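Data first, discussion second: the structure below is written as C-alpha coordinates.
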Amino acid sequence: LFSFTSCFVVRSKSLVMGENRGPNPDKTLFPLQQEQSLKSGWLKKRRNIMKNWQQRWFVLRGQELRYYKDKEESKMQGCISLQGFQVLKVNPQPEEPNKYLFEIIPGDKVTVNHETFLLMANSHHEMEDWVRAIHKVIWAPFGGAVFGQRLEDAVSLETRHAPLVVEQCVDFIRENGLQEEGLFRLPGQATLVKELQDTFDSGGKPTFDKSTDVHTVASLLKLYLRELPEPVIPFSRYQDFLRCLWTDTSTATMP
(Lines give C-alpha, C1' and ligand atoms only; values in the text may rest on other atoms or scores of the structure.)
Protein backbone atom coordinates (compact mmCIF):
# COMPACT_ATOMS: atom_id res chain seq x y z
CA LEU A 1 0.00 0.00 0.00
CA PHE A 2 2.84 2.39 0.86
CA SER A 3 4.60 1.85 -2.45
CA PHE A 4 1.45 2.56 -4.45
CA THR A 5 0.56 5.58 -2.29
CA SER A 6 4.04 7.08 -2.57
CA CYS A 7 3.92 6.78 -6.36
CA PHE A 8 0.50 8.42 -6.43
CA VAL A 9 1.66 11.31 -4.23
CA VAL A 10 4.64 12.07 -6.47
CA ARG A 11 2.43 12.00 -9.55
CA SER A 12 -0.23 14.24 -7.96
CA LYS A 13 2.16 16.87 -6.61
CA SER A 14 4.09 17.21 -9.85
CA LEU A 15 0.94 17.70 -11.92
CA VAL A 16 -1.37 19.64 -9.62
CA MET A 17 1.06 21.84 -7.72
CA GLY A 18 3.64 22.18 -10.48
CA GLU A 19 6.50 21.82 -8.03
CA ASN A 20 10.04 22.07 -9.31
CA ARG A 21 12.28 20.07 -7.03
CA GLY A 22 15.48 19.99 -9.08
CA PRO A 23 16.70 17.73 -11.87
CA ASN A 24 15.45 14.48 -10.31
CA PRO A 25 13.13 14.93 -7.32
CA ASP A 26 12.17 11.26 -7.22
CA LYS A 27 15.71 10.21 -6.38
CA THR A 28 16.15 12.76 -3.58
CA LEU A 29 12.79 12.26 -1.84
CA PHE A 30 12.21 8.53 -2.13
CA PRO A 31 14.84 5.94 -1.15
CA LEU A 32 13.10 3.31 -3.29
CA GLN A 33 14.37 5.16 -6.36
CA GLN A 34 17.92 4.36 -5.26
CA GLU A 35 17.34 0.60 -5.65
CA GLN A 36 19.19 -1.06 -8.47
CA SER A 37 17.26 -1.13 -11.72
CA LEU A 38 16.29 -4.68 -12.69
CA LYS A 39 15.44 -3.60 -16.24
CA SER A 40 14.89 -0.36 -18.10
CA GLY A 41 14.02 0.68 -21.63
CA TRP A 42 11.56 2.37 -23.97
CA LEU A 43 8.01 1.05 -24.18
CA LYS A 44 4.77 2.43 -25.52
CA LYS A 45 1.86 2.64 -23.10
CA ARG A 46 -1.73 2.87 -24.27
CA ARG A 47 -3.77 5.53 -22.55
CA ASN A 48 -7.01 4.23 -21.06
CA ILE A 49 -9.22 7.14 -22.12
CA MET A 50 -7.83 8.37 -25.44
CA LYS A 51 -6.64 4.89 -26.50
CA ASN A 52 -3.57 6.39 -28.16
CA TRP A 53 0.02 5.29 -27.54
CA GLN A 54 2.64 7.24 -25.58
CA GLN A 55 6.32 6.38 -25.57
CA ARG A 56 7.79 6.32 -22.07
CA TRP A 57 11.04 5.27 -20.41
CA PHE A 58 10.18 2.37 -18.07
CA VAL A 59 12.27 1.33 -15.07
CA LEU A 60 11.69 -1.85 -13.06
CA ARG A 61 12.84 -1.46 -9.46
CA GLY A 62 11.86 -3.65 -6.55
CA GLN A 63 8.11 -4.34 -6.77
CA GLU A 64 7.42 -1.25 -8.89
CA LEU A 65 7.40 -0.41 -12.59
CA ARG A 66 7.88 3.35 -12.99
CA TYR A 67 7.73 5.33 -16.21
CA TYR A 68 9.19 8.68 -17.23
CA LYS A 69 9.17 11.06 -20.18
CA ASP A 70 12.92 10.78 -20.71
CA LYS A 71 15.82 8.42 -20.17
CA GLU A 72 17.30 10.70 -17.49
CA GLU A 73 14.25 9.95 -15.27
CA SER A 74 13.84 13.66 -14.58
CA LYS A 75 10.07 13.54 -14.09
CA MET A 76 8.08 10.46 -13.18
CA GLN A 77 4.80 10.13 -15.08
CA GLY A 78 3.39 7.19 -13.17
CA CYS A 79 4.07 4.04 -11.21
CA ILE A 80 2.65 0.52 -11.35
CA SER A 81 2.83 -1.38 -8.06
CA LEU A 82 3.15 -5.00 -9.17
CA GLN A 83 1.96 -6.69 -5.97
CA GLY A 84 -1.17 -8.70 -6.72
CA PHE A 85 -0.82 -8.31 -10.50
CA GLN A 86 0.07 -10.70 -13.28
CA VAL A 87 1.72 -10.14 -16.64
CA LEU A 88 0.45 -11.71 -19.86
CA LYS A 89 1.58 -11.68 -23.47
CA VAL A 90 -1.09 -10.44 -25.88
CA ASN A 91 -1.44 -12.20 -29.22
CA PRO A 92 -1.13 -9.70 -32.10
CA GLN A 93 -4.09 -9.11 -34.36
CA PRO A 94 -3.75 -10.35 -37.98
CA GLU A 95 -4.06 -6.79 -39.26
CA GLU A 96 -1.29 -5.62 -36.88
CA PRO A 97 1.30 -8.44 -36.84
CA ASN A 98 4.21 -6.20 -35.81
CA LYS A 99 2.80 -5.04 -32.48
CA TYR A 100 4.59 -6.78 -29.61
CA LEU A 101 2.10 -6.37 -26.80
CA PHE A 102 1.88 -7.46 -23.18
CA GLU A 103 -0.53 -6.57 -20.42
CA ILE A 104 -0.27 -6.08 -16.67
CA ILE A 105 -3.59 -6.95 -15.06
CA PRO A 106 -4.91 -7.57 -11.53
CA GLY A 107 -4.42 -11.13 -10.30
CA ASP A 108 -6.87 -13.35 -8.47
CA LYS A 109 -6.63 -11.39 -5.22
CA VAL A 110 -8.12 -7.93 -4.72
CA THR A 111 -5.50 -5.22 -5.23
CA VAL A 112 -5.28 -1.56 -4.32
CA ASN A 113 -5.26 -0.55 -7.97
CA HIS A 114 -7.65 -2.35 -10.34
CA GLU A 115 -6.35 -0.63 -13.47
CA THR A 116 -4.90 -2.66 -16.32
CA PHE A 117 -1.90 -1.57 -18.38
CA LEU A 118 -1.32 -2.42 -22.05
CA LEU A 119 2.30 -1.98 -23.17
CA MET A 120 4.09 -2.40 -26.48
CA ALA A 121 7.75 -3.28 -27.01
CA ASN A 122 9.89 -2.58 -30.07
CA SER A 123 10.53 -6.24 -30.85
CA HIS A 124 9.43 -9.73 -29.90
CA HIS A 125 12.72 -10.27 -28.06
CA GLU A 126 12.24 -7.10 -26.00
CA MET A 127 8.67 -8.08 -25.18
CA GLU A 128 9.82 -11.52 -23.99
CA ASP A 129 12.52 -9.92 -21.81
CA TRP A 130 10.07 -7.51 -20.17
CA VAL A 131 7.48 -10.22 -19.50
CA ARG A 132 10.13 -12.49 -17.98
CA ALA A 133 11.57 -9.72 -15.77
CA ILE A 134 8.16 -8.56 -14.49
CA HIS A 135 7.03 -12.16 -14.00
CA LYS A 136 10.04 -12.81 -11.76
CA VAL A 137 9.36 -9.71 -9.66
CA ILE A 138 5.72 -10.69 -9.15
CA TRP A 139 6.48 -14.28 -8.14
CA ALA A 140 9.66 -13.74 -6.10
CA PRO A 141 7.78 -13.33 -2.76
CA PHE A 142 6.01 -16.68 -3.34
CA GLY A 143 9.07 -18.85 -3.89
CA GLY A 144 9.25 -18.26 -7.63
CA ALA A 145 11.74 -16.27 -9.69
CA VAL A 146 14.18 -19.18 -9.47
CA PHE A 147 16.11 -18.48 -12.66
CA GLY A 148 18.44 -15.49 -12.36
CA GLN A 149 18.40 -15.57 -8.55
CA ARG A 150 21.66 -15.51 -6.60
CA LEU A 151 22.66 -19.04 -5.60
CA GLU A 152 23.09 -18.17 -1.92
CA ASP A 153 19.66 -16.52 -1.85
CA ALA A 154 18.02 -19.55 -3.44
CA VAL A 155 19.62 -21.94 -0.95
CA SER A 156 18.65 -19.70 1.96
CA LEU A 157 15.02 -19.31 0.86
CA GLU A 158 14.53 -23.00 0.08
CA THR A 159 16.42 -24.15 3.22
CA ARG A 160 18.20 -26.94 1.34
CA HIS A 161 21.76 -27.68 0.23
CA ALA A 162 20.97 -26.94 -3.42
CA PRO A 163 18.03 -25.31 -5.23
CA LEU A 164 15.15 -27.65 -6.01
CA VAL A 165 15.56 -27.27 -9.76
CA VAL A 166 19.21 -28.36 -9.50
CA GLU A 167 18.40 -31.36 -7.29
CA GLN A 168 15.61 -32.54 -9.58
CA CYS A 169 17.66 -32.16 -12.75
CA VAL A 170 20.76 -33.85 -11.31
CA ASP A 171 18.78 -36.75 -9.82
CA PHE A 172 16.92 -37.33 -13.09
CA ILE A 173 20.09 -37.19 -15.19
CA ARG A 174 21.92 -39.51 -12.79
CA GLU A 175 19.11 -42.08 -13.00
CA ASN A 176 18.26 -41.81 -16.70
CA GLY A 177 20.97 -40.06 -18.67
CA LEU A 178 24.50 -41.11 -17.77
CA GLN A 179 24.65 -43.47 -20.74
CA GLU A 180 22.95 -41.01 -23.10
CA GLU A 181 25.08 -40.00 -26.07
CA GLY A 182 25.63 -36.25 -26.43
CA LEU A 183 24.50 -35.42 -22.89
CA PHE A 184 24.88 -31.64 -22.26
CA ARG A 185 25.85 -31.24 -25.92
CA LEU A 186 22.64 -32.03 -27.79
CA PRO A 187 19.83 -29.51 -27.20
CA GLY A 188 16.53 -30.42 -25.60
CA GLN A 189 13.02 -29.38 -26.64
CA ALA A 190 13.14 -25.58 -26.49
CA THR A 191 9.40 -25.18 -25.93
CA LEU A 192 9.36 -27.63 -23.03
CA VAL A 193 12.47 -26.05 -21.49
CA LYS A 194 10.69 -22.68 -21.56
CA GLU A 195 7.54 -24.17 -20.01
CA LEU A 196 9.53 -25.80 -17.21
CA GLN A 197 11.41 -22.56 -16.55
CA ASP A 198 8.15 -20.60 -16.33
CA THR A 199 6.68 -23.19 -13.96
CA PHE A 200 9.65 -23.00 -11.59
CA ASP A 201 9.64 -19.20 -11.81
CA SER A 202 5.93 -19.19 -10.89
CA GLY A 203 6.59 -21.10 -7.68
CA GLY A 204 5.56 -24.46 -9.14
CA LYS A 205 7.35 -27.75 -8.59
CA PRO A 206 7.20 -29.73 -11.84
CA THR A 207 8.29 -33.36 -11.83
CA PHE A 208 9.97 -35.45 -14.50
CA ASP A 209 8.80 -38.93 -15.46
CA LYS A 210 10.27 -41.68 -17.61
CA SER A 211 8.89 -40.07 -20.77
CA THR A 212 10.76 -36.81 -20.15
CA ASP A 213 13.58 -36.24 -22.61
CA VAL A 214 16.89 -36.28 -20.73
CA HIS A 215 18.37 -33.67 -23.10
CA THR A 216 15.52 -31.31 -22.16
CA VAL A 217 16.34 -31.73 -18.46
CA ALA A 218 20.05 -31.20 -19.18
CA SER A 219 19.21 -28.05 -21.16
CA LEU A 220 17.10 -26.79 -18.25
CA LEU A 221 20.01 -27.30 -15.86
CA LYS A 222 22.41 -25.52 -18.22
CA LEU A 223 19.94 -22.64 -18.54
CA TYR A 224 19.71 -22.31 -14.76
CA LEU A 225 23.50 -22.22 -14.40
CA ARG A 226 23.84 -19.80 -17.31
CA GLU A 227 21.39 -17.32 -15.76
CA LEU A 228 23.07 -17.21 -12.36
CA PRO A 229 24.17 -13.62 -11.61
CA GLU A 230 27.53 -15.05 -10.55
CA PRO A 231 28.96 -18.38 -11.78
CA VAL A 232 29.15 -21.44 -9.55
CA ILE A 233 32.87 -20.69 -9.32
CA PRO A 234 32.59 -17.11 -7.98
CA PHE A 235 34.57 -14.27 -9.49
CA SER A 236 36.45 -13.79 -6.22
CA ARG A 237 37.86 -17.35 -6.47
CA TYR A 238 38.45 -17.51 -10.21
CA GLN A 239 42.19 -16.80 -10.02
CA ASP A 240 42.56 -19.32 -7.17
CA PHE A 241 41.08 -22.05 -9.36
CA LEU A 242 43.38 -21.08 -12.22
CA ARG A 243 46.40 -21.28 -9.91
CA CYS A 244 45.31 -24.76 -8.81
CA LEU A 245 45.07 -25.80 -12.46
CA TRP A 246 48.51 -24.41 -13.26
CA THR A 247 50.03 -26.09 -10.20
CA ASP A 248 48.46 -29.43 -11.08
CA THR A 249 49.63 -29.15 -14.71
CA SER A 250 53.20 -28.25 -13.80
CA THR A 251 53.37 -31.09 -11.26
CA ALA A 252 52.13 -33.60 -13.82
CA THR A 253 54.84 -32.61 -16.33
CA MET A 254 57.72 -32.84 -13.84
CA PRO A 255 60.12 -35.80 -14.42
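If you scan segment 186-203, which residues turn out to be in a loop (DSSP other than H, G, I, E, B) and either assigned by TED's automatic domain parsing to the domain that holds K136 or surrounded by 14 or more Cβ atoms within 10 Å (Cβ to Cβ) (or both)?
Of the residues in segment 186-203, the ones in a loop (DSSP other than H, G, I, E, B) are 186-189, 202-203.
G188, Q189, S202, G203 - these are the residues of segment 186-203 that are in a loop (DSSP other than H, G, I, E, B) and either assigned by TED's automatic domain parsing to the domain that holds K136 or surrounded by 14 or more Cβ atoms within 10 Å (Cβ to Cβ) (or both).
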>> Quick check on segment 162-181: of everything there that is over 16 Å from L225 (Cα atoms) and part of a loop (DSSP other than H, G, I, E, B), which residue is nearest to the chain's Cα centre (by Cα)?
In response: G177
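For (1) of a type outside the set (A, V, I, L, M, F, W, C); (2) modelled with pLDDT of 85 or more; (3) assigned to a loop (DSSP other than H, G, I, E, B); (4) under 26 Å from the mean Cα position of the chain (by Cα), each residue gets a yes or a no:
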residue	(1), (2), (3), (4)
L183	no, yes, yes, no
F208	no, yes, yes, yes
V232	no, yes, yes, yes
T251	yes, no, no, no
> Which one is nearest to L225 (Cα to Cα) among residues in segment 120-161 that are part of a loop (DSSP other than H, G, I, E, B) and either hydroxyl-bearing (S, T, Y) or touching a Lys or Arg at 6+ places or on another chain (Cβ under 6 Å) (or both)?
Replying inline: A145
>> Looking only at residues that are within 13 Å of V146 (Cα to Cα) and not aromatic (F, W, Y) in segment 207-244, which one is surrounded by the most Cβ atoms within 10 Å (Cβ to Cβ)?
In response: L220
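Among the listed residues L101, L65, which satisfies the condition of being in contact with a Pro (Cβ under 8 Å, 6 or more places away or on another chain) and at pLDDT 90 or above? Break it down stepwise before answering.
Numbers: L65 fails: in contact with a Pro (Cβ under 8 Å, 6 or more places away or on another chain).
Among L101, L65, only L101 is in contact with a Pro (Cβ under 8 Å, 6 or more places away or on another chain) and at pLDDT 90 or above.
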>> It is to be established whether one or more residues within segment 38-47 are modelled with pLDDT of 50 or more, surrounded by fewer than 17 Cβ atoms within 10 Å (Cβ to Cβ) and more than 23 Å from V137 (Cα to Cα).
In response: yes
>> K109 - would you say it is on the phi < 0 side of the Ramachandran plot and at pLDDT 85 or above?
In response: no
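The values are calculated or read from the model by the stated rules, or taken from the named source; none is laboratory data. Being a predicted model, the structure only gives us computed values, none of them experimental. Positions of Cβ are backbone-derived with ideal geometry, glycine not excepted, and every protein chain shown enters the neighbour counts.
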